[in-house]
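**Student:** Here it is, the structure, as structure tokens.
The values are calculated or read from the model by the stated rules, or taken from the named source; none is laboratory data. Computed from a prediction, not measured in an experiment: that's the story for all the values here. In this analysis, Cβ positions are derived from the backbone assuming ideal geometry, glycine residues included, and neighbour counts consider all displayed protein chains.
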Amino acid sequence: MRLPVYKVDAFASRVFAGNPAAVMPLESWLPDATLQAIAAENNLSETAYVVREGERWRLRWFTPGIEVALCGHATLATALVMRDKLNLWRGKIAFETKSGTLVVAEDGARLALDFPAQPPKAVAAPPGLDAALGATPVEVLQEIDLVCVLEHARQVRALKPDIRALARIDARGIIVTAPGDDCDFVSRFFAPRVGVDEDPVTGSAHCKLIPYWSKRLGKPELFARQVSARGGELWCVDRGERVTIAGQGVMFLEGTIEL
């Protein structure tokens, strides 16, 4: 069996930046164990699978360890492949997912994701968090992932967390964020519990970050940077129950997988 595979650097305007995602358009669904094994073999933070179901497109995302309910960069990557390689849409496309219908639309040179807002709520810092991060947050919030707020962008950039200790924190992932020095806010995202020590650019994390920073800064439109080693840029809008997360993507690889 030969299956097409593409690799896209998402939330980036050049290769070797942003977050690489594998995209695999399939004619029909393979067994979940096979989908998970391919994602583990790809060894990227996400592998996206898309299948046509009648008049709709079904989209699923797998880390090397588990299937996840929401992923931003691999959604952007899938839309780019369907537009630029498969010629399957013009201007806008809707995907059916475990997080409902997600729409991707052209926004100039960018692709804009219409995602659910997931505003985090203040919580007590779990035991061991400061030591695992190597920093003490001024605020800790949670909505699926922990959101740890630091005072300065330079602290986020300089962070060298203990990944094994982070994996013992009771949260799917750990988002670390601070006010930006050349943008509205910065962030990094660590998710060793699902097989991703550090994700280069995380669209789903911004479902939490956009409501938080929009309220704190008093404005709906925000420009964000994820300050991982690869780095990424995200143009964001707080729309109440929904958020817009926009960015660019660059095709890096086109090939086939043999099973």
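**Student:** Out of all the residues in the stretch 150-181, which are touching a helix residue (DSSP H, G or I) at 6+ places or on another chain (Cβ under 8 Å) and either more than 17 Å from Val196 (Cβ to Cβ) or not assigned by TED's automatic domain parsing to the domain that holds Phe223 (or both)?
**Tutor:** Leu150, Thr177, Ala178, Pro179, Gly180, Asp181
**Student:** Another question, if that's okay. With the requirement that a residue be among the hydrophobic types (A, V, I, L, M, F, W, C), touching a Lys or Arg at 6+ places or on another chain (Cβ under 7 Å) and over 15 Å from Cys236 (Cβ atoms), what does the stretch 106-142 give you?
**Tutor:** Of everything in the stretch 106-142, just one residue is among the hydrophobic types (A, V, I, L, M, F, W, C), touching a Lys or Arg at 6+ places or on another chain (Cβ under 7 Å) and over 15 Å from Cys236 (Cβ atoms), namely Leu141.
**Student:** Would you pick out the residues in the stretch 1-13 that are surrounded by fewer than 17 Cβ atoms within 10 Å (Cβ to Cβ) and closer than 13 Å to Gly232 by Cα?
**Tutor:** Result: Ser13, single match.
**Student:** Met251 versus (1) out of contact with any Lys or Arg (no Cβ under 9 Å at 6 or more places or on another chain); (2) buried (at least 16 other Cβ atoms within 10 Å of the Cβ): which is the lone unmet condition?
**Tutor:** (1) is the only condition that Met251 fails.
**Student:** Taking only the stretch 14-36 into account, find how many residues are farther than 21 Å from Glu233 by Cβ, touching a residue at least 60 places away in the same chain (Cβ under 8 Å) and crowded, with 21+ Cβ neighbours inside 10 Å.
**Tutor:** Result for the stretch 14-36: 1.
**Student:** Taking the options Trp29, Trp57, name whichever one is among the aromatic types (Phe, Trp, Tyr), more than 24 Å from Arg225 (Cβ to Cβ) and outside any strand (DSSP E or B).
**Tutor:** Within the list Trp29, Trp57, the selection yields Trp29.
**Student:** Looking at this structure, is Thr63 surrounded by fewer than 20 Cβ atoms within 10 Å (Cβ to Cβ) and over 25 Å from Val237 (Cα atoms)?
**Tutor:** It is false that Thr63 is surrounded by fewer than 20 Cβ atoms within 10 Å (Cβ to Cβ) and over 25 Å from Val237 (Cα atoms).
**Student:** Let me ask something else. Considering only residues of the stretch 23-54 that are polar (S, T, N, Q) and closer than 17 Å to Val196 by Cβ, which is modelled with the lowest pLDDT? Reasoning before the result, please.
**Tutor:** Of the residues in the stretch 23-54, the ones polar (S, T, N, Q) are 28, 34, 36, 42-43, 45, 47.
Next cut, closer than 17 Å to Val196 by Cβ only: 36, 42-43, 45, 47.
On the way: Gln36: 98, Asn42: 96, Asn43: 94, Ser45: 91, Thr47: 98.
Among residues in the stretch 23-54 that are polar (S, T, N, Q) and closer than 17 Å to Val196 by Cβ, the one modelled with the lowest pLDDT is Ser45.
**Student:** What's the total number of residues in the stretch 194-247 that are modelled with pLDDT of 95 or more, assigned to a helix (DSSP H, G or I) and among the aliphatic types (A, V, I, L, M)?
**Tutor:** Qualifying residue count for the region: 3.
**Student:** Do the conditions hold for Ala37, that is, is it outside the structural domain of Ser204 (by TED's automatic domain parsing), touching a strand residue (DSSP E or B) at 6+ places or on another chain (Cβ under 7 Å) and among the aliphatic types (A, V, I, L, M)?
**Tutor:** Against the criterion (outside the structural domain of Ser204 (by TED's automatic domain parsing), touching a strand residue (DSSP E or B) at 6+ places or on another chain (Cβ under 7 Å) and among the aliphatic types (A, V, I, L, M)), Ala37 does not qualify.
**Student:** Let me ask something else. Looking only at residues that are buried (at least 17 other Cβ atoms within 10 Å of the Cβ) and among the small types (Gly, Ala, Ser) in the stretch 169-196, which one is farthest from Phe11 (Cα to Cα)?
**Tutor:** Ala171
**Student:** While we're on this one: Any residue in the stretch 77-91 that is over 16 Å from the mean Cα position of the chain (by Cα) and in a strand (DSSP E or B)?
**Tutor:** Scanning the stretch 77-91 turns up no residue that is over 16 Å from the mean Cα position of the chain (by Cα) and in a strand (DSSP E or B).
**Student:** Being among the small types (Gly, Ala, Ser), under 17 Å from the mean Cα position of the chain (by Cα) and either more than 22 Å from Val250 (Cβ to Cβ) or assigned by TED's automatic domain parsing to the domain that holds Leu44 (or both) is true for just one of Gly134, Gly100, Gly108. Which residue is that? Spell out how you get there, then give the answer.
**Tutor:** Numbers: Gly134 fails: under 17 Å from the mean Cα position of the chain (by Cα); Gly108 fails: under 17 Å from the mean Cα position of the chain (by Cα).
Within the list Gly134, Gly100, Gly108, the selection yields Gly100.
**Student:** Next question, about the same structure. Condition first: out of contact with any helix residue (DSSP H, G or I) (no Cβ under 7 Å at 6 or more places or on another chain), in contact (Cβ under 8 Å) with a residue 12 or more places away in the chain and either in a loop (DSSP other than H, G, I, E, B) or of a type in the set (Phe, Trp, Tyr) (or both). Can you find one or more residues in the stretch 2-9 that meet it?
**Tutor:** no
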